[in-house]
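To keep things clear, I will list the structure first and then write my remarks on it.
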């Protein structure tokens, strides 16, 4: 072990020694597991299951299930992160939550696979969100635990790469597993197995910062509760939160009804396969920028210009969905979105780790930041459903998505402590 992860040591303000490459690879695989568990359902299975449960109100059912699940995620992620900050024992602070989250998430996917009603879908998806957010929170906090500041752009790139590949693999498992069983059962089971297996290498490495009982701070319930809110929107931490919230809200508005956009606006007959193709194009484009963007940002020492540029590119992709609502237009837009989001993912994560208020609360504070990822999933159905139904349909929806994301990218310049 390096000084970053020696037994019995309290977390340093900033690590100085980079972790071995095998740790980074195992971290990426574990993050891949989480994202397969999230995006296999989000991309295909939940929409298909909503249609099976209630074909006439499929959009409303999907919005309800996705919204409740996202609300659970919004609460669970900072809670698990805060608990991991205070976890003692020979396994370390983060590893117990990584393992427990993977097992619980897989169980939730199995439960969801058996759901035959709206209530069953809500219950199953809520379990998945609560459990997998324990793993996600612990993995995100492990990066500032283990990685020096000048290497975090690259680490964020690999973390973001795992998300993209997770979307691709999750979608593929959902489509192929569903085809094998003639419904959603096979897709959910395939995702559940993957979640567990891909987490195993990270757990077996047993590399973690350990906190002794004497080093754990006294419990203060009031301070704990206050810590779940961004600490002043005039501060760098608050502006980083708001930037991420708006960028993710724009992205969530664009993705929520993608399957239905292909069916109803583009007129694609096999829309589910279309989602898989678009996801593949998006993933390939993202691969070209997600790690390179992070490394480039590390070398220049700049973060904000990369976030701004990626926001402009993502807004262009959403506008293309309006101007060219055809299959070739959708494919091109997916590629453009991948280029923009790849750069944004790696650089924004590095930026966020540089404005965390306290080293001892990394898990909790990253959980608060992650609310900016999950709150848009709660709000996007509320915003998107009336737009699609009454305010101009899909063209208006994608224009709103472009405007919201661009606003978020612009606000990154309110962050003063990062170049």
Computed over the chain: longest principal axis from alpha-carbon atoms vs helix 185-205 long axis, angle to nearest 10 degrees, is 20
If I stretch the segment between residue 323 and residue 25 completely, what's the gain in nm (0.36 nm per residue apart, minus their alpha carbon distance), one decimal? 103.3 nm
Most exposed first, judged by fewest Cβ atoms within 10 angstrom, 364, 58 run 58, 364
Ranked on Cβ counts within 10 Å of their own Cβ, fewest leading, 216, 206, 151, 244 go 206, 216, 151, 244
Contact order normalised by residue count of the chain, Cα under 8 Å, 6+ apart, percent: 27
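Figure the gain on full extension for residue 90 and residue 292 (residue separation times 0.36 nm, minus the Cα-Cα span) and round it to one decimal in nm.
Answer, rounded to one decimal: 69.1 nm.
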Region 328-355 scanned against label point 7 Å out from residue 312 along Cα→C-beta; backbone N under 14 Å for 340
With label points set 7 Å from each Cα along the Cα-to-Cβ direction at residue 56 and residue 396, the distance between them in nm comes to 2.5
Between residue 302 and residue 389, with labels modelled 7 Å along Cα→Cβ, what's the label distance in nm to one decimal, could you check? 4.6
Sorting 121, 320, 314 on the 10 Å Cβ count, fewest up front, what's the list? 320, 121, 314
Taking the Cα centroid of region 40-119 and of region 259-295, what is the distance between the two, rounded to the nearest whole Å? 23
Given the options 385, 334, 174, state which has the largest fluctuation in a GNM of the chain using a 10 Å cut-off (strictly under) for Cα springs. 385
How far apart, in nanometres, would the label points at residue 410 and residue 270 be if each is projected 7 angstrom from Cα along the Cα-to-Cβ direction? 4.3
For mean projected area of the Cα convex hull in nm² the list reads [x] 20.8; [y] 19.2; [z] 18.1; the calculated value is entry [z]
Compute the helix-to-body angle for 362-390: its Cα long axis versus the longest principal axis of the chain, expressed 0 to 90° and rounded to tens. 10
Helix 304-323 versus the longest principal axis of the chain: what angle, 0 to 90°, nearest 10, using Cα atoms? 10
At 222 nm, what value in deg cm²/dmol follows for the chain if DSSP H runs of at least 4 each add -39500 (n - 2.57) and the sum is divided by all its residues, to the nearest 500? -25000 deg cm²/dmol
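Coordinate-derived values only; no laboratory data. Bear in mind the structure is a predicted one, so any value in this text is a computation, not a measurement. Methodologically, a virtual Cβ is constructed for each residue, glycine included, from the backbone with ideal geometry; neighbour enumeration extends over all protein chains shown.
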